[in-house]
Amino acid sequence: MLMKQAVSVVVVLGCAVVAVSAQSPSSSFPRGSSQQSWQSPGLQSVLAKCKTPPQPFSIPGAAASSANTAAPPAPTSRPSTAIPGVIAAGQNWKAVWSWEGNNADGPIAGDNGTVLFANNDASNVMKLDPATGLATVVHADTNTGGALSRSKNGALFVASRGLNGGIMQLEPQRKMFANTVSGEPIECVGGVLNDLAADARGGVYLAITGAGVFYANPKGVFTKYGEGVPGANGIILSRDEKTLYVTNGGVVIAFDVQADGALTNQREFGKLRGGQAGDGSAIDADGRLYVATGASVDVFGVNGDFLGTIPGPQGLHGTFFGGRDKKTLYGIVFYGTWGTASARNQVIAIPTIAQGYTGRAK
């Protein structure tokens, strides 16, 4: 997520009390100061009641001095090399939105070429028009919402990362969808709710970094799956929703999805090469997998073959296809020091040959 950039871009990053009908530039809204559960002073009282309290979790650098206010240098990237069927040589990312704070996370495609993204610090969901750089608060008070997913059926969910968090359904009706595991608050499993993927049967897959992979069935009941997936982060379903991909540090893991949403046949799908750790992911109309690595987007074929790397700026931690024809690959970038006034974020875009999968928002 990024800073102010002199481009015909402006967005919003607000908190509550913004008229949903009014589009505004980013500078019109405060960056927000919402906390994730592991930052909350009230967490210890919740964990004290857990049957087995989890290990402490924190993000490196998050305890840095609040006096760290200097704006860091804007990130840069080098032009792409050709990946057949995916991207032409010589393309480069451009910023379509930028602002301050730990914001712009878990983005997905909206309608008519717009972009939806969640704001951690501002606890809201924004709709951005990349053509104008203007945006609107469409959902407020998400309790540090940090990732979005819309199912094929149109239901919209957000990962609520604040204390007493969980998976919140925002559309078609707003409600807490799932927030307990084995009868205990979700905080008892530890880690941080990172990414989610809603399926067509009414359930939601959740990657909790530091805890693993979970599935909340249509009734909101969680089950944990997988072994040795402490770095669970980016998570996405294949086009037919018969395969679930999850990033785990420097590798991508795949699971077979059963008729009831259960996961089986855990296996390594591919190794990342353009960066050190996998994060938000996307798929295209041909089933290829795109994984943000912290410095690039790595591309894999449906059989796990590594097809190439789209270089990006340092801090590139999520990706998705958007635009009216879904032939634009978007990324989100964070730079500066997390949790301080120097934190910056950006939404970036690059044209592609490949078309994103049109059967879902992501």
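Every read-out reported here was derived from the displayed coordinates using simple, explicitly stated rules and does not represent laboratory data. Just so you know, these numbers come straight off a predicted model, no measurement behind them. Because the Cβ atoms are built from the backbone with ideal geometry, glycine has one as well, and the counts that use them run over all protein chains shown.
Structure above, values below:
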| read-out | value |
| --- | --- |
| Residues with amide H under 5 Å from that of Glu171, placed H, sequence gap 5 or more | Leu156 |
| Sequence-distant residues sharing a close amide H with Gln314 (under 5 Å, placed H) | Thr76 |
| Label-point separation, Ile353 to Lys327 (7 Å along Cα→Cβ), nm | 1.2 |
| Using θ = phi - 60° and Karplus 6.51 cos²θ - 1.76 cosθ + 1.60, couplings along region 222-229 (whole Hz; Gly, Pro as x) | 7, 9, 8, 10, x, 10, x, 10 |
| The chain, Cα convex hull volume normalised per residue, Å³ | 121 |
| Gap separating the Cα centres of region 266-317 and region 105-154, nearest whole Å | 23 |
| q = 0.12, 0.26 Å⁻¹, region 98-173: log10 I(q)/I(0) [Debye, one scatterer per Cα] | -0.29, -1.27 |
| Percent of alpha-carbon pairs separated by more than 15 Å within region 209-262 | 46 |
| Cα→Cβ-extended label distance, 7 Å offset, between Ala131 and Lys175, nm | 3.7 |
| Residues of region 140-166 with amide N under 13 Å of the 7 Å Cα→Cβ point at Ser45 | 164 |
| Under-5 Å amide H pairs with Leu193, H placed in peptide plane, nonlocal only | none |
| Local electrostatic count, Thr243, Cβ distance below 12 Å [Lys/Arg +1, Asp/Glu -1] | -1 |
| Net +/- balance of residues flanking Ala343 in space, Cβ distance below 10 Å, scoring K and R +1, D and E -1 | 0 |
| Cut-off 10 Å between beta-carbons: net charge of the residues surrounding Gly32, Lys and Arg +1, Asp and Glu -1 | -1 |
